[in-house]
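To start, the structure itself, in structure tokens.
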Amino acid sequence: MGICAGLLAASLLRQAPEIPGQTASTTPSAQFLRAVSLGHDSAAATLLWTSIVASYAQRTASPSETVAAVRTCGHIDTSWSTPWAYGATIVRSLGDVEGHEALLQEAMAVHPDEYWFPYMLGMSRYLNHGDRAGAADYLEAAADLPGGTEVHRRAARAIRHR
């Protein structure tokens with residue numbers, strides 16, 4: 001019942017008329033959704049993630065709302081890294097490099113043992129900013145984490161010495 005109330009509230013917030021000059025997100029916070037889902041955090045995160053993907057697929061997603069929704073989704077169920085990885089990719093494909101990188105930074109804080117996030121951030125720094133030193137640092141950090149490989153380290157050396 002609680003999760004339905006949370007989804008209803010989220011739906012009503014998304015349908016609220018736009019207020020000129022308003023920059024606040026219509027995405028409910030992780031705290032709010034956690035409270036109304038009455039312990040069904042994973043289900044709430046899954047439903048929000050489905051909403052993010054559907055919005056993107058229907059080409060109705062805005063970069064700022066997607067960033068807010070990915071953050072909320074990632075903080076509802078912190079054991080689940082998928083929203084961070086794919087959400088950051090969706091945000092990048094919407095043209096928001098800064099939002100993409102901000103989500104990856106936040107994902108690194110929430111999932112410090114996953115090599116994928118520093119790897120993605122390193123490649124973004126290189127491809128989107130030409131930041132070879134920053135890219136190499138992130139790739140080396142990825143190589144040092146569980147799942148990271150020598151390939152990441154070689155890529156870091158190649159980018160640094162290019």
Any chance you could check the Cα centroid distance between region 145-160 and region 92-120 for me, in angstrom? 17 Å
Percent of Cα-Cα pairs per 5 Å bin, from 0 to the last occupied bin, for region 37-162, please list those. 2, 13, 21, 19, 18, 13, 9, 5, 1, 0, 0
Taking a ≥ b ≥ c as the square roots of the Cα gyration tensor eigenvalues, with a/c under 1.5 meaning rounded and otherwise prolate when a/b beats b/c, else oblate, which class fits region 112-162? oblate
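Report the net charge of residues surrounding A102, where surrounding means a beta-carbon distance below 10 angstrom and charges are Lys +1, Arg +1, Asp -1, Glu -1.
Working: positive: R71; negative: D96, E98, E101, E106.
Taking every Cβ under 10 Å from that of A102, the sum is -3.
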Percent RCO, i.e. relative contact order, over region 112-162, from Cα pairs under 8 Å lying at least 6 residues apart: 37 percent
Residue by residue through region 65-73, the couplings from Karplus 6.51 cos²θ - 1.76 cosθ + 1.60 with θ = phi - 60°, in Hz, x for Gly and Pro, are 5, 5, 4, 4, 5, 5, 4, 4, 4
With θ set to phi - 60°, apply the Karplus curve 6.51 cos²θ - 1.76 cosθ + 1.60 along region 142-148 and write out the HN-Hα couplings as whole Hz, x wherever there is a Gly or Pro. 4, 4, 7, 8, x, x, x
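Coordinate-derived values only; no laboratory data. If you're wondering where the values come from, they're calculated on a predicted model, not measured in any experiment. Quick reminder, even Gly has a Cβ in these numbers, built from the backbone with ideal geometry, and neighbours come from all protein chains shown.
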